[in-house]
Structure formats: structure tokens, C-alpha cells
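Enquirer: Questions regarding the structure given below will be posed in turn.
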Amino acid sequence: MDFDYSPKTQDLQARLRQFMDDHIYPSEPAYAAELAANTAAGKRWTALDTIEQLKPKARAAGLWNLFLPVDSAAASGYDGAGLTNQEYAPLAEIMGRVPWASEVFNCSAPDTGNMETIARYGSDENKARWLKPLLEGKIRSAFAMTEPDVASSDATNIETRIERDGDEYVINGRKWWISGAADPRCAVFITMGKSDPEAARHSQQSMVLVPADAPGIRVLRPLNVFGYDDAPHGHVEMVFENVRVPASNILLGEGRGFEIAQGRLGPGRIHHCMRLIGLAERALELMCRRASSRTAFGKTVAQQTVTQERIAEARCKIDMARLLTLKAAWLMDVAGNKVARTEIAMIKVVAPSMACQVIDWAMQVHGGGGMCDDFPLAYAYANARTLRFADGPDEVHRNAIAKWELGKYAPYGSTVEPPITRGC
Ligand SMILES: Cc1cc2nc3c(=O)[nH]c(=O)nc-3n(C[C@H](O)[C@H](O)[C@H](O)COP(=O)(O)OP(=O)(O)OC[C@H]3O[C@@H](n4cnc5c(N)ncnc54)[C@H](O)[C@@H]3O)c2cc1C
């Protein structure tokens, strides 16, 4: 087994690291300052110039749309960077070191998962209208599934109605935690709802493309994560009230929402995990630097054995998570997203918990400083903790892993369908 990255990946890693050094890390203060200035000017939900100005540079450097795997690109007729999931994983890790960096390379959530969905399941007309500008980084998108009134980790509970009326679908429902919907560039929602409540349990749901400016869409409020509103991206509560879209906006076909979820969620989930590994790496780096530079009770914090124990544990946990991520990515490439679903569920459980633990240790080493925004750790923690819910809670993924595992020993194999869950 060869654990080395391919020469192509190593070349891209070097170029991406250089771009991070030259443009992303130096822009962190500018990003914060611009957001603060926008807030002071009453324009909190405004796209940031800091990012918009870096996007053409990333594109010119050949670091654009790295996420779109060769198979989805071939199916869609649109080009990505020609990488496999396995090749993309170490690159997403580098971008993940700064929570907003992925957008500079047009590789951010929830757009990557949404672009893959439209690439795989959209009509040519839908691809021309939505996929093309998304791949060019001209618009953004959101995925609208979760609802405040039902336990949405079980997608069969979703109550939003998608009803056929002549040549149109009419959508009615209330959603929340819809990431990216506050961004003024968000132009389209992939919306999940029930098109036939009488159909078999997993054939009731459909997914439909809804333009963000369609009459009847109302954003009610932004939601905070531990006090962070993630502006200008945001996570909102919203309603769809008699929203009408052409029937051709349906993805794949009526009643096929779960089928799409199987295909869509793999990439979106694993991208989050890849980025979290980078975030954890950065936390460990900050932890080591801070521990080596502060002295308490006659020795550096790094010389305390409890710190060394945590640093060693952090290194082990990060490397374990990385190997599992790479395995899942490889399996997606060679066998498809559906076959790789157990590995994807496993890494979705492992990576957020690992990142939370590593960032928590890093905050502890920073003392009170770790709690405030003088360091990127508190926000990184909020970000990582979110991912123990978003894209499905830990328990639901563990549940699925256990069912597959138990199925190996059942006399006739598992008769229980693993649950399908989702999030951003
Ligand atoms: C920051 C953030 C961003 C998000 N972005 C999006 C987005 O863009 N689009 C979108 O549609 N959704 C998004 N979500 C929503 C997210 O996907 C849901 O919160 C998640 O799927 C859980 O659904 P729920 O909140 O309804 O929790 P519930 O379904 O009510 O579950 C609550 C808890 O019950 C427990 N539980 C559930 N099932 C089981 C089980 N089988 N076994 C054991 N315990 C179980 C778990 O502990 C779970 O956390 C986002 C969430 C957050 C926090």
C-alpha cells in the first residue's frame, strides 16, 4: 500500500500552501475588519470584498473548482479541476485551516454538494441556468431540508409540500438552519419536500430547484451558533408560501429525493471532514506555539506532561481521522458514493469529534485568550461542534454504522434499511 500522495497532488498542495501563505493568512485581519466595518455601516449581510478580490487570483493560479470529481464533471458536461475525491482531500484540508478560505477557491459548503447534485441530477436547462454560474463563482446556493416542527434527522418526517399544478410545482413549508440563505449572492435553493405523502415511505420526497427571488420566499431571521451568526453567509429560518416553479425544476424526478440524498450527501459530508482535519491541524500548531512560549510555575506550558500528553493524543487523532477520510474518498472514487456510505458515515462521526477535542485542548493551552476572538480557536470550536449536527447527528450515523455491522452477522443479512439523514 502506497501512502504517498501522487506527484499531481503534491504539486497542487505546494501551490495551495503558497497561496495560503501569500494571500489567505495575511487577509485574516482584513476579513475581520471588513466584516466589522460592514456591521457598523448596517450592512452585515453583504458579500465581502476581501473574498471577491481573492477569487480571481485563485482562479488564475489554477486553484479553482478543485472539488468537482472527474466522474461528476464528465456526467454534467462542465469542467472541474479534473481531480478525484482522493486527490481533492489533502487540498480541502489545507483550505480548511481558515474557515472562510474555501470560498476563495470556489470550494465552499453548501455549494460544492449542491453543484454536484445539479451536475448529476439537473436537466441541461437547469445546469445552464444554475451550475454554470455556480462553477464560475458568480452566485451561491443553499440546501433547504431541515424544519423546525419535525425531527429532521429523520428525513421521512419532512412536511414541506411540493404539489404539482399544471406545468408548475407549488411549494409550501417552513425551514430552518438553511446555511447560506442570508448571503445576497444566494440565487437558488435545492428544496426537499413531499410530493406524494401517500407513496411508499422513501418515495414521498422530491427535490426541486427554487430561485431565491421567487415570490413567496421569506427569510424570517438569522440563527446564531454559540453567538456567531456566520455573516455574510448565515443560517436562517425561512418560509416557502405558495412558491411556484416550473415543473422542469424537479431534480431526477418526482419521489426520488432519497435517491438524490444518497448521491449528494457523500461528497458534502466528506468535504466537511477534510476541512475539519485542516482546522484541527491549525489548532494543534497554535497549541504547540503557545505552549512553548508561555511559562507558568517555572517551566513552559509545553514542559508540563499533561500538555505533552494532549499534543501526542492530538497528533494520533488527527492522523487517524486523515487516514479514514482518505480511505472513504478512495472508495467513493473506485466504487461510488453509495458503496462508500459506511466509510462516509464513519468519518462523519470521527472527524467532528476529533476536531472538537483537539481545538478544546488548544483553547485550554491558550488560557482565557482561547475563549475570545484574538485567536481563531473559539470560532473554530463553534464551527466544528456544529458538524456534530449538520449533515446528520452523530447518533444517526453511528446507528447506520451499527446496522451495517450487525447485518454481517444476521442469518440473511441486514433487513433494516439504514437511515438517510442530512443537513448542510
Ligand atoms: C450550523 C448549522 C447549519 C446547518 N445547515 C443546514 C442546511 O444548510 N440545510 C439544512 O437542511 N439543514 C441544516 N442544518 C440542520 C441539521 O442538518 C439538523 O440540525 C440535523 O440534521 C438534525 O436535525 P434536527 O435539528 O431536527 O434534530 P432532531 O432530528 O430533532 O434530533 C435531535 C437529536 O436527537 C438525537 N437522535 C436523532 N436520531 C437519533 C437516532 N437514530 N439515534 C439516537 N439519537 C438520535 C440526536 O442526538 C439528535 O441530535 C444545519 C444545522 C446547523 C446547526
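Enquirer: Can you compute the helix-only [θ] at 222 nm over the chain? Use -39500 (n - 2.57) per DSSP H run of at least 4 residues, normalise by all residues, nearest 500 deg cm²/dmol.
Expert: Roughly -15000 deg cm²/dmol at 222 nm, from the helical runs in the chain.
Enquirer: Moving on to the next point. Mind telling me which of R15, R129, R161 comes out most flexible in a GNM of the chain, alpha-carbon contacts under 10 Å?
Expert: Highest fluctuation among the options: R129.
Enquirer: In nm, to one decimal, how far is the modelled label at E395 from the one at R164, with both set 7 Å along Cα→Cβ?
Expert: So the two model labels end up 3.8 nm from each other.
Enquirer: Here is a further query. Could the peptides 228-235, 345-352, 370-377 be put in order, highest first, of the mean number of other beta-carbon atoms found within 10 Å of their residues?
Expert: Per-residue mean Cβ counts within 10 Å order the peptides as 345-352, 228-235, 370-377.
Enquirer: Using Cα pairs closer than 8 Å and at least 6 residues apart in sequence, work out the relative contact order for segment 1-131, in percent.
Expert: Worked out over segment 1-131, it gives 26 percent.
Enquirer: If you don't mind, another one. Can you tell me which of 289-297, 107-115 comes out highest on packing, and rank the rest after it, using the mean Cβ neighbours within 10 Å?
Expert: Listed from highest to lowest mean packing, they are 107-115, 289-297.
Enquirer: Greater than 29 Å separation of Cα atoms is the criterion. Which listed pairs, K8/K327; K127/K408; K8/K403; K43/K194; K43/K317; K138/K327, meet it?
Expert: From the list (K8/K327; K127/K408; K8/K403; K43/K194; K43/K317; K138/K327), the Cα-Cα distance tops 29 Å for K127/K408; K8/K403; K43/K194; K43/K317; K138/K327.
Enquirer: Compute the FRET efficiency between E285 and V150 as 1/(1 + (r/R0)^6), taking r as their Cβ-Cβ distance and R0 = 45 Å, and round to the nearest 0.05.
Expert: Once the sixth-power term is evaluated, E becomes 0.60.
Enquirer: Here is a follow-up. Counting other Cβ atoms within 10 Å, which chymotrypsin sites (Phe, Trp or Tyr not before Pro) in segment 1-71 have at most 10 and lie in a DSSP loop?
Expert: F3
Enquirer: Let me ask something else. Calculate, for A200 and R44, the FRET efficiency according to 1/(1 + (r/R0)^6) with r their C-beta to C-beta distance and R0 60 Å; round to the nearest 0.05.
Expert: That gives a FRET efficiency of 0.85.
Enquirer: Report the full-extension gain for the segment N157 to S292: residue separation times 0.36 nm, less the Cα-Cα distance, to one decimal in nm.
Expert: 43.5 nm
Enquirer: So, one more: Quick one: if you stick a label point 7 Å off each Cα along the C-beta vector at A410 and L223, how many nm between them?
Expert: 3.2 nm
Enquirer: Continuing with the same structure: Given points 7 Å out from each Cα along the Cα-Cβ axis, report the D374 to F3 separation in nanometres with one decimal.
Expert: 3.8 nm
Each value in this text was obtained by applying a stated rule to the coordinates, not by laboratory testing. This is a predicted model, so every value here is computed, not measured. Counting neighbours? That spans all protein chains shown, and the Cβs are built from the backbone with ideal geometry, glycine included.
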